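*Asks:* Below: one structure in structure tokens.
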């Protein structure tokens, strides 16, 4: 029996050695098959931090093909979410429905599952007559019924020119409008509310909106304020509540520099818009628009 045990032990050791050698050979083979560039790319993707939505102030008039650069990136990047603000006429316009170009193009955007459309409404820093603001909201909400087209619709409201300095009156004004949006049929399923003070507001305003634009300025201003550190001044906030809009980015900020900027901004903001345009930056798309969206997809 002893010799048999010895033979059995040697057989097990040889088998174990073969398994180890086969494993090492497999690892070596994978190292050859998987190019280093793929590994580097994966590391880059994983290093970009939390994803954010692309925020688009779409103040481009929808003439034929004018919205094509937006539609293209939306289709190319179904994994990226877009929050798109439309503004037919400093609001929904004077009529029950927008003009034919809007009624043609809005449904195309609304049909994409990764797009949330918002309607622009001005508040003039919480001084505009609230009844006029509510009328604008109701006009947007009635688009699907008035047009008999469920895709001619927005899913919330973008309130422009909201205040920075706190007052009880202004907070009550904004909260009442938010409550009105949340209770208005025709703006679903999101009934999403965005405030745009363009700067960091008193933090007591933040709960009255789903998202707040806390930065809307040039790249140079962003750098002067030490970049993302400026967001640290907002007490009791979280990135899901914040939006950042940066324009006039130098042409030299491309490739790895653009990735670095995007990473910095989306670390603290859940919605991000970055453009290299320095004029009419909401009325057209820059040469690096597609590159920006591609980076946001990482």
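Every number in this text was worked out from the coordinates using simple rules, so none of it is lab data. Remember, it's a predicted structure, so these values are computed and weren't measured experimentally. Cβ sites come from the backbone with ideal geometry, for glycine too, and all protein chains shown count toward neighbours.
*Asks:* If contacts are Cα pairs under 8 angstrom and at least 6 residues apart, what is the relative contact order of the stretch 154-298 in percent? List each step's numbers first, then the result.
*Replies:* Working: 223 pairs, mean separation 26.9, N = 145.
Across the stretch 154-298, relative contact order equals 19 percent.
*Asks:* Which residues among the stretch 175-209 fall inside the zone where the amide N is under 16 Å from a point 7 Å beyond the Cα of residue 169, along Cα→Cβ?
*Replies:* Under cut-off, by backbone N: 175-176.
*Asks:* Mind giving me the FRET efficiency for residue 90 and residue 256? R0 is 41 Å, r the Cβ-Cβ distance, nearest 0.05 is fine.
*Replies:* 0.55
*Asks:* Okay, moving on. Per residue, how much space in cubic angstrom lies within the convex hull of the C-alpha atoms of the stretch 199-298? Intermediate values should be presented prior to the final figure.
*Replies:* Numbers: hull volume 10.0 nm³, N = 100.
Taking the convex hull of the Cα positions in the stretch 199-298, it is 100 Å³ per residue.
*Asks:* Within 10 Å, count the other beta carbons around each residue, average over each peptide in 191-199, 66-74, and list them highest first. Walk me through the numbers on the way to the answer.
*Replies:* Values: 191-199: 20.9, 66-74: 18.0.
The packing order, highest mean first, is 191-199, 66-74.
*Asks:* Suppose each label sits 7 Å from its Cα in the direction of the beta carbon; what would the residue 76-residue 202 distance come out to in nanometres?
*Replies:* 4.5
*Asks:* In whole angstrom, note down how far apart the Cα centers of the stretch 153-226 and the stretch 101-137 are.
*Replies:* 14
*Asks:* If packing is taken as the average number of other Cβ atoms within 10 Å across a peptide's residues, how do 154-162, 142-150 rank, most packed first? Don't skip to the end; give the middle numbers.
*Replies:* Details: 154-162: 24.6, 142-150: 15.8.
Sorting 154-162, 142-150 by mean packing, highest first, produces 154-162, 142-150.
*Asks:* Arrange the peptides 114-123, 232-241 so that the one whose residues have, on average, the most other Cβ atoms within 10 Å appears first. Please report the intermediate quantities before stating the final value.
*Replies:* Details: 114-123: 22.7, 232-241: 13.3.
Output ranking for 114-123, 232-241: 114-123, 232-241.
*Asks:* Need one number: nm distance between label points at residue 149 and residue 232, each 7 Å from Cα along Cα→Cβ, rounded to one decimal.
*Replies:* 4.9
*Asks:* For residue 124 and residue 298, what does the FRET efficiency come to when R0 = 41 Å and r is the distance between their Cβ atoms, rounded to the nearest 0.05?
*Replies:* Numbers: r = 39 Å, r/R0 = 0.94.
Step by step, r from the Cβ atoms, then E = 0.60.
*Asks:* Any idea what the alpha-carbon Rg over 2.2 N^0.38 Å comes to for the stretch 45-187?
*Replies:* Details: Rg = 16.1 Å, N = 143, 2.2 N^0.38 = 14.5 Å.
Taking N as the residue count of the stretch 45-187, the ratio is 1.11.
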